[in-house]
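Inspection log for the structure reproduced underneath, given as structure tokens.
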Protein chains: 2
Amino acid sequence: MSRRIPASTIRRLSHYLRSLEDIEGEGRETVSSEELADRGQTTAAQVRKDLSHFGSFGKRGLGYRVEELRGRLRQILGVDRVWRVALIGAGRIGSALFEYPAFELRGYECVAIVDADPEKIGATWGALRIRPPEEIESLIDTLGIELVILAVPAQAAQQITDRAVHAGIKGILNFAPIRLKVPAHLAVEDVNLVMQLEALSFAITQRGSGD
Amino acid sequence: MSRRIPASTIRRLSHYLRSLEDIEGEGRETVSSEELADRGQTTAAQVRKDLSHFGSFGKRGLGYRVEELRGRLRQILGVDRVWRVALIGAGRIGSALFEYPAFELRGYECVAIVDADPEKIGATWGALRIRPPEEIESLIDTLGIELVILAVPAQAAQQITDRAVHAGIKGILNFAPIRLKVPAHLAVEDVNLVMQLEALSFAITQRGSGD
DNA sequence: TAGATTTTGTGACGTTTTTCACAAGTGGCG
DNA sequence: CGCCACTTGTGAAAAACGTCACAAAATCTA
Ligand SMILES: NC(=O)c1ccc[n+]([C@@H]2O[C@H](COP(=O)([O-])OP(=O)(O)OC[C@H]3O[C@@H](n4cnc5c(N)ncnc54)[C@H](O)[C@@H]3O)[C@@H](O)[C@H]2O)c1
Ligand SMILES: NC(=O)c1ccc[n+]([C@@H]2O[C@H](COP(=O)([O-])OP(=O)(O)OC[C@H]3O[C@@H](n4cnc5c(N)ncnc54)[C@H](O)[C@@H]3O)[C@@H](O)[C@H]2O)c1
């Protein structure tokens, strides 16, 4: 039951949640920390330590009730409710994301799409009409949007961010390869695929030369 | 000059490299650890420690010569050469990635596209023709492919991986939301956007209830 | 009920990573 | 040249994170 939670713990909690869904799908009722560890590339002690930051959810000798733990994790991760999301940038990556069903399945509901291209503004994607950037603030405000998926070119990203932040959003999933300047309290997750490719080439290069 | 390098160091090195490119674009010749730190959301001491794992590249009193450090980082990260990449899965995310210029700019050159859909096989994207999965091994072999960008549905991912690994690839950028089973020496980077959204909703939820 | 068996929750411990602090280089300038 | 201002590189200290080991709780068996 501690205060500051390591980011690595949060990542693992997401894995545990996915594993629990799988296990529930298999019809199982309980699960041990050891099994969760096996499915998540970690150790049983780590699983228990991770969970212990938030309380004690298991029964000694038995393990965890799958359904209960799943509910607890959803609560902890804040996915026990619907999050209203705006997609800003209806380009290549934006359209792939929009059609990706996994987001909505997890409670992230895209309720607005914004793009600056006059050719795109007004077009309909699913049930949504693409809106111009001028409407960002009012959309966020009237639709109660808390999260933004930012998929615009790098040079537009900071400006859009400032406006979204000003309108009261709470978190950003940022695809633009820049470090956004935001108030300290705001949550930002960067998706940087070039960095991940570089991690791969480093690992491969290192391995070859190192030992 | 140590042996085992933290993953967080590698991530920061990528940031430093990008910052150095910006700085070079601004026409500057030298840079201090402090300025690199400011641009990278870290500290000057951390920058110096990160670099010190690989040697000493700066001059006391002066800082680092931008061009030289950039070259060293490219060498360290293994991006001082071209990496041949296969894109497997020519769907929504695959097509966004294929058209993303940042990869090629950094030396990741897509030299093959594979998809299982008969409607897609044979189509041309840029200068490439989409190949059927049966050809994975021979493409990897004859084209000298070392990296795979895996953008197929989760249920196909492991099978494709096994074949690519068998054919000798060295790293995988994996978009499928499963943990791939690969030999220990193989480099895998997972892109898991749902996990990143969950990190956001956790941070937001936590902040609200915590303090 | 007693004893064997299982598995959690957690304090203590060990390792990794970050931060700190400063001696030692470097160039500029009077 | 000698001093000053600046900045690196790096041991040592601190903090963060992960692992271990075991008492405690729960079930099962007979
Ligand atoms: N394509 C990829 O695979 C990929 C991968 C990782 C990151 N990214 C990053 O994601 C961002 C978008 O990439 P993309 O490939 O989809 O580019 P894209 O050009 O296909 O799409 C960008 C969209 O943003 C719109 N836009 C531009 N300025 C805008 C503004 N001020 N307000 C609202 N909309 C605006 C454009 O009209 C366009 O529709 C870029 O920052 C890119 O670096 C792309
Ligand atoms: N769309 C997104 O925004 C997004 C985001 C993150 C992760 N992902 C993941 O990326 C993967 C692809 O997603 P998508 O949205 O592009 O799906 P998609 O259905 O649009 O594309 C998948 C492609 O893979 C091809 N394919 C299927 N089986 C194959 C096989 N055995 N060999 C070769 N090709 C095969 C299909 O023909 C299709 O073209 C999925 O695992 C998904 O979970 C998608």
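What share of the DSSP beta bridges in the stretch A:96-211 is antiparallel, in percent to the nearest 5?
Of those bridges, close to 15 percent are antiparallel.
Between 0 and 90 degrees, rounded to the nearest ten: what's the tilt of helix B:154-166 against the longest Cα principal axis of chain B?
Once rounded, the angle reads 80 degrees.
Considering every pair of different Cα atoms, what Kirkwood radius, in Å, is found for the stretch B:119-182? Write down the numbers at each step before the final one.
Details: mean 1/r = 0.0806 Å⁻¹.
Radius from the Kirkwood sum: 12.4 Å.
Other chains' Cβ within 10 Å of A:68-80 residues: what's the mean?
Mean partner-chain Cβ count within 10 Å for A:68-80: 3.
Give me Rg over Rh for the protein assembly as shown, both radii from the alpha carbons and Rh done the Kirkwood way, two decimal places.
Rg/Rh: 0.96.
Among the lysines in the protein assembly as shown, how many pairs, 8 or more places apart or on different chains, have alpha carbons under 16 Å apart?
Step by step, the pairs that qualify in the protein assembly as shown add up to 4.
Taking all pairs of different Cα atoms in chain B, averaging 1/r and flipping that mean, what Kirkwood radius in angstroms comes out? Don't jump to the answer; show the numbers that get you there.
Details: mean 1/r = 0.0512 Å⁻¹.
Evaluated on chain B, it is 19.5 Å.
Ignore the peptide's own chain and count Cβ atoms of other chains within 10 Å of each Cβ in A:185-195; give me the average, rounded.
Mean partner-chain Cβ count within 10 Å for A:185-195: 6.
Please report the orientation-averaged projected area of the stretch B:7-77, defined via the convex hull of its C-alpha atoms, in nm².
Computed as one quarter of the Cα hull surface, the answer is 4.1 nm².
Mind ranking B:174-186, A:139-151 by how tightly packed they are, going by the mean number of other C-beta atoms within 10 angstrom, highest first?
Highest mean packing first, the order is A:139-151, B:174-186.
With n ≥ 4 as the cut-off for DSSP H runs, can you work out [θ] at 222 nm for the protein assembly as shown, using -39500 (n - 2.57) per run divided by the number of residues, rounded to the nearest 500?
That calculation yields -14000 deg cm²/dmol at 222 nm.
What net charge is computed for the residues neighbouring residue A:109, neighbours being all others with C-beta under 13 Å from the C-beta of residue A:109, Lys and Arg scored +1, Asp and Glu -1?
Surrounding charge for residue A:109 is +1.
Using alpha carbons only, how many degrees (0 to 90, rounded to 10) separate the axis of helix A:66-77 from the longest principal axis of chain A?
Long axis of A:66-77 versus the principal axis of chain A: about 40 degrees.
Between 0 and 90 degrees, rounded to the nearest ten: what's the tilt of helix B:7-25 against the longest Cα principal axis of chain B?
Around 70 degrees separate the two axes.
Rg over Rh of the stretch A:83-194, using C-alpha atoms and the Kirkwood radius, what does it come to?
Values: Rg = 12.7 Å, Rh = 13.8 Å.
Over the Cα atoms of the stretch A:83-194, Rg/Rh equals 0.92.
Tally Lys and Arg at +1 and Asp and Glu at -1 over the other residues with C-beta under 12 Å from the C-beta of residue B:41: what net charge comes out?
On the way: positive: A:179, A:181, B:11, B:12, B:39; negative: A:190, B:38.
Spelling it out: positives minus negatives among the neighbours equals +3.
Read-outs throughout are calculated quantities, based only on the coordinates presented, and are distinct from any laboratory measurement. Since the model is a prediction, treat every value here as computed from it, not as a measurement. Using ideal geometry, Cβ is built from the backbone for each residue, glycine included, and neighbour counts are taken over all protein chains shown.
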